[in-house]
1. Relative to a virtual label point 7 Å from the Cα of B:D8 in the Cα→beta-carbon direction, which members of the range B:31-48 show backbone nitrogen distances below 19 Å?
2. Indicate the gyration tensor shape class of the range A:88-229 (rounded, prolate or oblate), computed on the Cα atoms with a ≥ b ≥ c the square roots of the eigenvalues: a/c under 1.5 is rounded; otherwise a/b larger than b/c is prolate and the rest oblate.
3. Taking all protein chains in place and a 1.4 Å probe, what share, in percent, of the accessible surface of chain B do carbon and sulfur account for?
4. Tally Lys/Arg at +1 and Asp/Glu at -1 over every other residue whose Cβ is under 12 Å from the Cβ of B:S4; what's the total?
5. Provide the per residue accessible area, probe 1.4 Å, for the range B:2-80, rounded to a whole number of square angstrom.
6. Using a cut-off of 13 Å between beta-carbons, work out the net charge of the residues near A:C87 (Lys and Arg +1, Asp and Glu -1, A:C87 not included).
7. What does the charge dipole of the range B:2-80 about its Cα centre add up to, to the nearest 20 debye, if the Cβ of each Lys and Arg holds +1 and the Cβ of each Asp and Glu holds -1?
8. Residues of the range A:93-114 losing 50 Å² or more of accessible surface, assembly versus chain alone, probe 1.4 Å, please list them.
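The values are calculated or read from the model by the stated rules, or taken from the named source; none is laboratory data. These numbers come from a predicted model, not from an experiment. Cβ atoms come from the backbone with ideal geometry, glycine included; neighbour counts cover every protein chain shown. To get the accessible areas, we keep the full protein, side chains included, count just its heavy atoms, and leave off ligands, DNA and RNA. Shrake-Rupley method; radii C 1.70, N 1.55, O 1.52, S 1.80 Å.
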Amino acid sequence: MSVRAGIVLFPGSNCEQDCARALGSLGAETRIVWHQEKELSDVDIVVLPGGFAHGDYLRTGALARFSPIMEAVCAHARSGGLVIGICNGFQILCEAGLLPGALRRNVNLKFLCKWTSAYVDNSTTPFTSRAGAGRSLRLPINHFEGNWYCEAAELEDLRASGRLVLRYAENPNGSLGDVAGVCNEDFNVLGLMPHPERACEALLGSEDGAVLLGSMLDHVGAGIRSVPV
Amino acid sequence: MSYSAKVDVMLKDGIADPQGQTIEKALPALGLTGVSEVRVGKSIVLEIDAPDRDEAYSRVMEMCDRLLANPVIEKFEVTIA
């Protein structure tokens, strides 16, 4: 049976089809889940895609956190299911309290749309098992608020526990600790600013995104859950 | 009673404010010198029905805690008129 991924569509999301195509090409069954839905029990992986959920009004991700589907997303995460938030999805996960920190405006006040290299600093997570430790991934970024921040003491805790999973080779946005992606305590929720779904085909300039997305499929396929259900 | 409330949300002290820095750099170009420590925030105004001023204040504080500000990076002040 193939792995089933639910991709949440908020009003203003714009990367859901890219996520569906990339995950589909890796062998997953995908379903676009409207944010007013309340049920995610039929999927193994939840994806919060990029875009501008609810217009990014007030703060990025601040209003999406209250969409009806988010209760199911939190329940899925609590039960050990995999959740990945990409770009705006990362911002939503931080606002929802599923991930630490917050995303601020980029230091140079520039909307960034470019290729970056990000190192995998922890290759033992469900999201990075296909990467060797220290491997550099070529992934595109496309954001205005990617400048991740948390308190200094918390940063050290996160670093020591291996939760700062992805780190920019050259910091593009001012993100504290060069953080490009961070995991929750149980390593079943990942938020990252780079877009792996846009780097899964050689024609698009990189296939490194498949390392991250494919790792998730391996994890589910192996029947491993990081937290007992 | 209906009360007018004003919420001022600012980045916490010590958190870099690129908008403030950009404005600070732009002002001297207009000949407006001697400016420092520019910080940019946002104001949210609202009307709230509450039995008294204290209740209005505590309800708006709850709004700040739960939605209007992000405690990781922002601080806020509530004024009830």
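1. B:35-47
2. Oblate.
3. It is 55 percent, rounded to a whole number.
4. Neighbourhood net charge equals 0.
5. I get 61 Å² per residue for the range B:2-80.
6. Local net charge: -4.
7. My answer is approximately 320 debye.
8. The answer is A:R104, A:L109.
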